[in-house]
Amino acid sequence: MVRNGFRPLPIGLRHGLMADRLPNVHRDPFDRMLVAQANVEELRLVSHDRVFERYGLAAEGVPPIIV
């Protein structure tokens, strides 16, 4: 991870608050946290899972990339 420039993103209070405000798309808490972190940090979420499209991040200006 270090060699490729990745770094951990700790879960903070802002992430938890955002996760609580997300729509109830599905029940996976890990996915909800990924969406919350992407939203708070203005990052793009890259996934094969189309469920992330249903969170409406495109309206926030940071749409997920589904591969």
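Any read-out appearing in this document is the output of simple, stated calculations on the displayed coordinates, not a laboratory observation. None of these values were measured; they are calculated from a predicted model. Cβ sites come from the backbone with ideal geometry, for glycine too, and all protein chains shown count toward neighbours.
Before moving on, here are some points about what is shown:
- The chain: radius of gyration over Cα atoms, expressed as a fraction of 2.2 N^0.38 Å: 1.10
- Rounded to the nearest 20 debye, dipole of the chain from Cβ charges on Lys, Arg, Asp, Glu: 140
- Listed values for segment 19-31 are Karplus-derived 3J(HN,Hα) couplings in whole Hz (6.51 cos²θ - 1.76 cosθ + 1.60, θ = phi - 60°), namely 4, 5, 8, 5, x, 7, 6, 7, 9, 7, x, 5, 5, and x replaces Gly and Pro.
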